[in-house]
1. Tell me the carbon and sulfur percent of the accessible area for the range 334-376, rounded to whole percent, probe radius 1.4 Å.
2. Are there any trypsin sites (Lys or Arg not before Pro) in the range 589-685 that are in a DSSP loop and have at most 16 other Cβ atoms within 10 Å? List them by number.
3. Thr306 accessible area, nearest 10 Å², 1.4 Å probe?
4. Which residues in the range 314-340 have a backbone N closer than 14 Å to a point placed 7 Å from the Cα of Phe498 along the Cα-to-Cβ line?
5. P(r) for the range 187-323, please, calculated from all Cα pair distances in 5 Å bins and given in %.
6. How about the range 405-495: which GluC sites (Glu not before Pro) there are in a DSSP loop, with at most 15 other Cβ atoms within 10 Å of their Cβ?
7. Give me the net charge of Ala444's neighbourhood, meaning all other residues with Cβ under 9 Å from the Cβ of Ala444; Lys, Arg count +1, Asp, Glu -1.
8. Go through 198-205, 693-700, 541-548 and give me the packing order, highest mean Cβ count within 10 Å leading.
Amino acid sequence: MNLWKELRRRNVFRVAGVYAVVGWLLMQVAIALESSLSLPDWFDGVVVSLLLIGFPVAVLLAWAFEMTPDGVQRTEVGAAGDSTAGYAARKLDVALVVSLLLLGAVVLGDRVLPRAEAPPNAVVAETPAAQGGSSAAGDSIAVLPFEDFSPSADQGYFASGIAEELLNVLAKVDGLRVASRTSAFSFAGKDVSVSEIAKALGVDKVLEGSIRKAGSTLRITAQLIDASTDVHLWSETYDRPLSAENIFEIQDEIATAIVAELQHQIDVPVISVPRPTQSTEAYDAYLKGKELSLLRTVEGVDQGITELLRAVTLDPEFAVAHATLGFAYSLARYYANMPETSSLPRSSLFMQRAQALAPENGEVLSYYAWWLTEQVPEPVPFKQAVEGFNAAIAANPNNAEAYRGLGYLQFNHGQYEQARLAYRKAYALNPLSQVLAANLSGLASDMGDEQGSLEWSRYAFQLGTVTEFTIQSYAWSLFSAGKLVEAHRVLKAVESHFSSRLALAWVYTELGMFDLARRLDPGYGEFMQLMYLGERAQATQLIEASDEPPTIRFSGLALAGATSQAYAVFLENESAFHAELDEFITWDLTSSDLELTLYRVLSSQGDSRAMELRERLTRKHAGERPEDVTNPSRLVLNARWALLSGEADRAMVWLQRLVDLELSNITALLDPEFDVLKSRGDYAAWRQRLEAVIADERALIEQALEHPPEKWWSPDDVEPVKPTLP
């Protein structure tokens, strides 16, 4: 018997071919099912093994049996042209052709059909690396807070400490992007999958763990997960005896062991990071104080300062706690109604102590840079403040707050492109920061994107607890966009807050509701009312007798037309105008207005410094077009610059844009710079239109005040948004 011919007659080759094609297709199905149904990692391997084992069995069965019209029968020795063998061959040929067609369809579909992509506008689709982060994909990780599975749930502090220790160590690794504590820890207690967390944070690996105390023994479990596949790259369990004296030692030991394992998984060096304190109570107070103060509420800042004071009392050598306390005191002047004369000296005291204790610590350097920007009335040079933030970033490349501080400094100095880059790096590290969302809202507004500004301020509501800070940020974005009625409704919801009352005074003044403005901010409301009535001499007397800061008195006098008196204030307080004259920092939200006013006053008095200001203003306003601007303040600002440049017709183009958008701005009715337009017919018509816009908005607010709603406004009224980075 010829073996080759007998193998062909018994259709062994055909069976092997059909088995190979069908087996390959089954392997692809197994791989797809494992991914889509989240089956165990071994599922596809088992399928492949079974198929390999089944191959020789199929070949043996093909040799021993054959298909006939009467069913499957034992194969007998026969001729190659046997009719029963031909019947089986025809059936197998059909099966082989169908299988090959299926194989071709699968291969063609994989190459031709489009692959699913993330939605282009989704925030989580904007990965941090793409937004200016320092690391490429594969070099990013988030450390989640460890869970406390102890029966009495009394080891939460230890669990947080382990995660903190790991985060601090990993943050020092050059080239590894580590999601900030604020963003990573925001998922504590939430039922969110690892893949969802990784997508929100823009990382490719997640480190999570748990602790369980049983008697005097502590079991710590840690596991590293590849977020793209949900595969556990590594997992380990540690059992250690626990006592009050060895808590920190265990944390150090476990953190070192985990990082040593990570070294094999993600190629990071093991770095020793000194523990900031040996007092568990001081560390606990520090963590609580830091979290509370960063809420930026009156209660949060006050309670945060109390906890931080307790931390530095328990451990006077705790440098980071001193620095955080210094920063909290600087926040108190804005968010806790603490007078500047109290908050700034205390901030300086604790910041200098932190600097003396740990001058090279990354967090201390970051807070120190923030502190530099708060120097009043003698601001530091802009370059020095920038160097301060850069030093903090060099000490810790994963310090999101240092990047945010640098961006905020550059934003307030008019360096919008540099601010955008710094904010993007901060976002890559801390994408779930409410404060950063508010900062991005301000940047979008100043870059002419009012819709983006509104979206970022609304997005802050989705990132955590809604506070006065996030609400005021939203109200300010509405105000900047000229949506005064909506801004009024939002501010009324938080009217008890000092800053909200001042903002409400601005809204009422814009709409000529001076009696209400005077109740909230008596000096400002009265001054603006006198200006509106044309009583410039009385307004001048009022501002001269006030105890407002020099820049406020200067601007008020210039607005009242008292140019020589304004110039005298400038000469007596030149250091207060450093930011407008030289490279000094400023947080003045009206710095652009002040710069224009300063140019007008200096040029009217023949001061040579006006020429340098003019060059700077020319560069700043170059290329701006009315059709690109929707912010009412910027429209009026450009109209003022056109008038100062002797271009009255161009000034009217900017002003017409204001009323065409049905926006209001009372400065355009009060500023003496616009007096030169009063003889023009188009100005009279424009003024009539503007006053009609103001009257309509005023009527809506008066109606709402006369019949107050049951609830002025709620964050629930805001639809979820997915903003894009500027």
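1. Numbers: 1070 of 2010 Å².
On the range 334-376, the fraction of accessible area on carbon and sulfur atoms equals 53 percent.
2. When the trypsin sites (Lys or Arg not before Pro) of the range 589-685 are filtered for loop state and at most 16 Cβ neighbours within 10 Å, Lys678, Arg680 remain.
3. Roll a 1.4 Å probe over it and Thr306 shows about 90 Å².
4. 329-340
5. Taking all Cα pairs of the range 187-323, the binned fractions are 2, 9, 14, 13, 16, 18, 17, 9, 3, 0 percent.
6. Values: sites: Glu417, Glu450, Glu455, Glu468, Glu486, Glu495; in loops: Glu495.
Passing sites in the range 405-495 are Glu495.
7. Numbers: positive: none; negative: Asp446, Asp449, Glu450, Glu455.
Local charge sum for Ala444: -4.
8. Details: 198-205: 23.9, 693-700: 16.4, 541-548: 14.6.
My ranking of the peptides, most packed first, is 198-205, 693-700, 541-548.
The values are calculated or read from the model by the stated rules, or taken from the named source; none is laboratory data. None of the values given here were measured: they were computed from a predicted structure. Cβ atoms come from the backbone with ideal geometry, glycine included; neighbour counts cover every protein chain shown. For the accessible areas, the whole protein counts, side chains as well, though only heavy atoms, and no ligand, DNA or RNA atoms are used. Shrake-Rupley method; radii C 1.70, N 1.55, O 1.52, S 1.80 Å.
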